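Visitor: Here's a structure for you.
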Amino acid sequence: MAAPLPVPPSRLGPRPLPLHLLSCWNFYLSSLPASLLWSNGWPILKGLLPPPAPPPLVPFPNPLGGLTPGAGASEALDPLAFVQAVEQAGRRRLSAFLTGVQRYQGHDYRRDLPDPPVIARWGDVRLLDYGAPGAAEGPVLLCVPSLINRAYILDLTHERSFLRWLAGQGVRPLLLDWGTPVGEAADFTLTDYIEGPLFDALALASARSGGAVGLLGYCMGGLLALAAAQRHPTLVSHLLLLATPWDFHSDAAQARRLAAGLPSLLQVIDRQNGLPIDVIQTLFAALDPLQIARKFEAFSRLAPDSAAARAFVALEDWLNDGVPLAAPVARECLSGWYRDNAPPLGRWRIAGRAVRAEAVTVPTLALIPEGDRIVPPASARALVEAVPGAAMHTVPLGHIGMMVGGRAPAQVWEPIRAFLMGK
């Protein structure tokens, strides 16, 4: 009998944990002092208003879910009961969040999928071959993930592996695993990545298949794939862009927030010679500061040995297993893309040549998740409008759910297979 898999040490996530703890503490327990101020008498005590005739008290539903008033509008709300209910609800939800974090950190799940064969290496970058052994040769698809997340989001678990599913459908998927920017790669620019490992992988895939191959880019990887397809069109048969941004000012409020914090971020990059993982995670958390709280509250209610709990842990492990950005790349992305909105203006350059979506000549399909909070759908649609003849497929999913969610196989994976097969 095989020895049981070792239980992993406690995890450190969700990263950055101090930020999430502080956010939850402030939100849940600050509801109590706020409720103390919520009364008809408070403005009078401050001398701001003359005392009016006392109005009838009406039921007021507690947004934290701790108080359920009676159905009759004539039932008065007891101020003391309201304050107590808010306090109890806040403590209950904070406790649920902490319980969820504790159960996540101690969960016995660990990813045990073996890596497929490595067919090429460039420093820490690997090219992995997911082709099914002995299978008939089908279309080759080179997959390009983001530089700030681990590539195995496309091969997350036995049940949610986009690449292994494709291999079972007659496609030969290749994955460009960026690894970590160490050594020489710590000083890479986007040109170094695109004209280095990405071009080499594309040329190798084309040589082995005897012709042009499919090229898929996910999120930031879509921008890299787009640039490669424009620069080397004879190597690319099909271009697939998944949740790929283009117009970085499509969400004006988001653009203003980032611009306000950019000087501080550039200082961090200079001091750390890169953009650290926890800073990147903080930027994502700022899009929805309480998303982590809601997720871990829900996780605390799951049976630890359930399939849903294991799927949650698998995804959270990936989210917390981020990759820092090399300093030159971080500056290009934050200043060039997010501040200056260079791509749609024709000002983003690779090896001195502008990356122009209108110059892409290969058949293109863009898949846009309507629930995406990381890449605004309007930003991705701008790319579809710019690429001549590009087809668009929208799905009612989120940025990550489009690849690993329960509906991903039917709504995302299958349309990708059909596009590659010419159906």
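The values are calculated or read from the model by the stated rules, or taken from the named source; none is laboratory data. This structure is a prediction, so every number in the text was calculated from the model and none was measured. Quick reminder, even Gly has a Cβ in these numbers, built from the backbone with ideal geometry, and neighbours come from all protein chains shown. In case anyone asks, the SASA skips ligands and DNA or RNA and just uses the protein heavy atoms, side chains included. Shrake-Rupley method; radii C 1.70, N 1.55, O 1.52, S 1.80 Å.
Visitor: Given the structure, is ALA228 open to solvent by 40 Å² or more (accessible area, probe 1.4 Å), within 16 Å of VAL360 (Cβ to Cβ) and among the hydrophobic types (A, V, I, L, M, F, W, C)?
Guide: In short, no.
Visitor: Return yes or no: is LEU241 closer than 16 Å to GLY131 by Cα and of a type in the set (A, V, I, L, M, F, W, C)?
Guide: Answer is no for this residue.
Visitor: Among what's in segment 362-378 and is of a type in the set (D, E, K, R) and open to solvent by 40 Å² or more (accessible area, probe 1.4 Å), pick the residue that is modelled with the lowest pLDDT.
Guide: ARG373
Visitor: All but one of (1) outside any helix (DSSP H, G or I); (2) open to solvent by 50 Å² or more (accessible area, probe 1.4 Å) hold for THR234; which doesn't?
Guide: (1)
Visitor: A further question follows. Given (1) surrounded by fewer than 19 Cβ atoms within 10 Å (Cβ to Cβ); (2) at pLDDT 95 or above; (3) in contact with a helix residue (DSSP H, G or I) (Cβ under 9 Å, 6 or more places away or on another chain), identify the lone condition not met by ALA132.
Guide: Every listed condition holds for ALA132 apart from (2).
Visitor: Does LEU383 qualify as being touching a strand residue (DSSP E or B) at 6+ places or on another chain (Cβ under 8 Å), open to solvent by less than 20 Å² (accessible area, probe 1.4 Å) and either under 23 Å from TYR152 (Cα atoms) or not in a helix (DSSP H, G or I) (or both)?
Guide: It is false that LEU383 is touching a strand residue (DSSP E or B) at 6+ places or on another chain (Cβ under 8 Å), open to solvent by less than 20 Å² (accessible area, probe 1.4 Å) and either under 23 Å from TYR152 (Cα atoms) or not in a helix (DSSP H, G or I) (or both).
Visitor: Taking the conditions exactly as written (within 20 Å of ASP321 (Cα to Cα), basic (Lys, Arg), modelled with pLDDT of 95 or more and open to solvent by 10 Å² or more (accessible area, probe 1.4 Å)), does ARG160 satisfy them or not?
Guide: yes
Visitor: Taking segment 348-361 as the search range and keeping residues that are farther than 11 Å from ARG231 by Cα and more than 26 Å from the chain's Cα centre (by Cα), which one is least open to solvent (accessible area, probe 1.4 Å)?
Guide: GLY352
Visitor: Can you go through ARG294, ARG301 and tell me which one is under 30 Å from ASP108 (Cα atoms), surrounded by fewer than 18 Cβ atoms within 10 Å (Cβ to Cβ) and touching a residue at least 60 places away in the same chain (Cβ under 8 Å)?
Guide: ARG301
Visitor: PRO344 fails exactly one of the following numbered conditions: (1) closer than 30 Å to ARG271 by Cβ; (2) within 23 Å of the chain's Cα centre (by Cα); (3) open to solvent by 40 Å² or more (accessible area, probe 1.4 Å). What is the number of that condition?
Guide: Evaluating PRO344 over (1) closer than 30 Å to ARG271 by Cβ; (2) within 23 Å of the chain's Cα centre (by Cα); (3) open to solvent by 40 Å² or more (accessible area, probe 1.4 Å) leaves (1) as the failure.
Visitor: I would also like to ask the following. Here are some conditions: (1) closer than 25 Å to ALA311 by Cβ; (2) of a type outside the set (Gly, Ala, Ser); (3) assigned to a helix (DSSP H, G or I); (4) open to solvent by 20 Å² or more (accessible area, probe 1.4 Å). TRP413 meets all but one. Which one does it not meet?
Guide: (4)
Visitor: Here's a check for you: in segment 317-326, which residue that is touching a helix residue (DSSP H, G or I) at 6+ places or on another chain (Cβ under 6 Å) and not in a strand (DSSP E or B) is modelled with the lowest pLDDT?
Guide: Result: GLY322.
Visitor: Is it true that ASP321 is of a type in the set (Asp, Glu), open to solvent by 10 Å² or more (accessible area, probe 1.4 Å) and under 19 Å from the mean Cα position of the chain (by Cα)?
Guide: Considered against the rule, which asks whether it is of a type in the set (Asp, Glu), open to solvent by 10 Å² or more (accessible area, probe 1.4 Å) and under 19 Å from the mean Cα position of the chain (by Cα), ASP321 comes out as yes.
Visitor: Counting only residues that are in a helix (DSSP H, G or I) and out of contact with any helix residue (DSSP H, G or I) (no Cβ under 6 Å at 6 or more places or on another chain), which one in segment 269-278 is least open to solvent (accessible area, probe 1.4 Å)?
Guide: Selected residue: ILE277.
Visitor: What number of residues within segment 386-400 satisfy the criterion of being aliphatic (A, V, I, L, M) and part of a strand (DSSP E or B)?
Guide: Looking only at that region, the number is 3.
Visitor: All but one of (1) modelled with pLDDT of 95 or more; (2) closer than 15 Å to LEU176 by Cβ; (3) more than 16 Å from the chain's Cα centre (by Cα) hold for GLY221; which doesn't?
Guide: So the condition that GLY221 fails would be (3).
Visitor: Run down ARG150, ARG111, ARG126, ARG121 and say which single residue is within 26 Å of GLY211 (Cα to Cα), open to solvent by 50 Å² or more (accessible area, probe 1.4 Å) and either free of Cβ contacts under 8 Å to residues at least 40 places away in the same chain or in contact with a helix residue (DSSP H, G or I) (Cβ under 9 Å, 6 or more places away or on another chain) (or both).
Guide: Going through ARG150, ARG111, ARG126, ARG121 in turn, the sole match is ARG121.
Visitor: Go through segment 327-362 and give me each residue that's assigned to a helix (DSSP H, G or I) and hydrophobic (A, V, I, L, M, F, W, C).
Guide: ALA327, VAL329, ALA330, CYS333, LEU334, TRP337, ALA357, ALA359, listed by residue number.
Visitor: In segment 366-381, is there at least one residue being over 30 Å from ARG310 (Cα atoms), in contact with an Asp or Glu (Cβ under 8 Å, 6 or more places away or on another chain), among the aliphatic types (A, V, I, L, M) and in contact (Cβ under 8 Å) with a residue 60 or more places away in the chain?
Guide: For segment 366-381, residues over 30 Å from ARG310 (Cα atoms), in contact with an Asp or Glu (Cβ under 8 Å, 6 or more places away or on another chain), among the aliphatic types (A, V, I, L, M) and in contact (Cβ under 8 Å) with a residue 60 or more places away in the chain: present.
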